[in-house]
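Here is the structure we will look at, set down as structure tokens.
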Amino acid sequence: MEVPEEDRNGRLILVGAPLGNPGDASQRMRDALAAADVVAAEDTRRLGRLARDLDITVAGRIVSYFEGNEERRTPELVEALREGALVALVTDGGMPSVSDPGYRLVRAALDAGLPVTAAPGPSAVTTALALSGLPTDRFCFEGFLPRAPGARRSRLAALAGEERTQVFFEAPHRLTAMLADLAAAFGADRPAAVCRELTKTYEEVLRRPLGALAEWAAAGEPKGEITVVVAGAPPASATRPPDEALRTEVADLEAAGSSRRDAIAMVAERYGVRRREVYAIVHGPGQ
């Protein structure tokens, strides 16, 4: 199947790449990579391996396009589009611009009045969501949490009351700390799933409460590409817990490593109570 002639004139194509199994590659993806005048790849070596696995020849010019050179390379690719080139953008797996390089180029192309389309492909977000066994009717994608512990806990405190299923990406070496913070912020009993190496030989999906997942991660060294799916918060209770219960929960979160500020925010979010009210309870007379 050939790429339509209109796709060959100054057009950016976002190419969804397999997460790990080359068999997931679509025919349109194959055609786009074979027909492109320029292929911008997050990892040119990985693109080469994928082309060999798919038995296709990438005849166009191949350039690297990753976080470290996006700002510099984007104007070059926009200029190629202006000159009529068909530019294909491919990342290591999944859809470009979803926690991967691509947004900057898409925005620049649109601002220049140039057409942008996609050859849709696999997505770790929706694949993990479907495999998690958690509700899929309403969900939100949070990408990577902040690396700094304090910033990560603050972000989770803001998300503790979110009722939609939440999807996160995380690096293997930060997974243990992330799950511990999730358990502290959302509650150790909150259902969740850790999806590792999706579609690859050693694919693994662990469906357990956050506390159990945190213990699992701490006991080993998880490796590979990881997506974490967490159930949404139950609807806020209409009954406000007693002051002493709120004070105890803040103290428990502090004992688990959260700052007092973050602990107050988590408890307030969990029960739909104003932060300043919880603050007043924690810092009340005799405290």
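For region 9-38, a tally of residues being open to solvent by 50 Å² or more (accessible area, probe 1.4 Å), in a helix (DSSP H, G or I) and of a type in the set (Asp, Glu) returns 1.
Note on region 42-61: residues that are without any contact (Cβ under 8 Å) to a residue 40 or more places away in the chain and open to solvent by 50 Å² or more (accessible area, probe 1.4 Å) total 9.
Of the residues Gly232, Gly211, which single one is open to solvent by less than 60 Å² (accessible area, probe 1.4 Å) and either in contact with a strand residue (DSSP E or B) (Cβ under 8 Å, 6 or more places away or on another chain) or of a type in the set (Lys, Arg) (or both)? Give the steps one after another, and end with the answer.
Details: Gly211 fails: either in contact with a strand residue (DSSP E or B) (Cβ under 8 Å, 6 or more places away or on another chain) or of a type in the set (Lys, Arg) (or both).
Result of the check over Gly232, Gly211: Gly232.
Taken over region 182-200, the criterion of being out of contact with any Ser or Thr (no Cβ under 8 Å at 6 or more places or on another chain), open to solvent by less than 40 Å² (accessible area, probe 1.4 Å) and either aromatic (Phe, Trp, Tyr) or closer than 16 Å to Val267 by Cβ (or both) is satisfied by Leu182, Ala183, Phe186, Gly187, Arg190. Scanning region 253-272 for any residue that is part of a helix (DSSP H, G or I), open to solvent by 70 Å² or more (accessible area, probe 1.4 Å), more than 23 Å from Gly143 (Cα to Cα) and not hydrophobic (A, V, I, L, M, F, W, C) turns up at least one such residue. Within region 214-229, the set of residues being under 21 Å from Pro22 (Cα atoms), in contact with a Pro (Cβ under 8 Å, 6 or more places away or on another chain) and open to solvent by 90 Å² or more (accessible area, probe 1.4 Å) comprises just one member, Lys223. In region 163-182, the residues that are closer than 17 Å to Glu215 by Cα form Cβ pairs under 7 Å with partners that are among the small types (Gly, Ala, Ser), at six or more places apart or across chains, as follows: Pro172/Gly224; Leu175/Ala217; Thr176/Ala217; Thr176/Ala218; Leu179/Ala214; Leu179/Ala217; Ala180/Ala214. Counting only helices (runs of 4 or more DSSP H) that fall entirely inside region 39-149 and contain at least 2 residues that are small (Gly, Ala, Ser) and over 30 Å from Asp181 (Cβ atoms), the qualifying elements are 44-54, 103-111.
A residue that is open to solvent by less than 40 Å² (accessible area, probe 1.4 Å), modelled with pLDDT under 95 and hydroxyl-bearing (Ser, Thr, Tyr) can be found somewhere in region 117-128. From the list Val250, Val205, the lone residue that is open to solvent by less than 30 Å² (accessible area, probe 1.4 Å) and either part of a helix (DSSP H, G or I) or in contact with a helix residue (DSSP H, G or I) (Cβ under 7 Å, 6 or more places away or on another chain) (or both) is Val250. Checking each residue in region 235-247 for being at pLDDT 75 or above, loosely packed, with under 14 Cβ neighbours inside 10 Å and among the aliphatic types (A, V, I, L, M) picks out only Ala245. If you go through region 160-177 and pick out every residue that is surrounded by 22 or more Cβ atoms within 10 Å (Cβ to Cβ) and of a type in the set (A, V, I, L, M, F, W, C), you end up with 3.
The values are calculated or read from the model by the stated rules, or taken from the named source; none is laboratory data. Since we're looking at a predicted model, the values are computed, not measured. Note: ideal-geometry Cβ built from the backbone for every residue, glycine included; neighbour counts use all protein chains shown. Note: accessible area is taken over every heavy atom of the protein model, side chains too, but ligands, DNA and RNA are not part of it. Shrake-Rupley method; radii C 1.70, N 1.55, O 1.52, S 1.80 Å.
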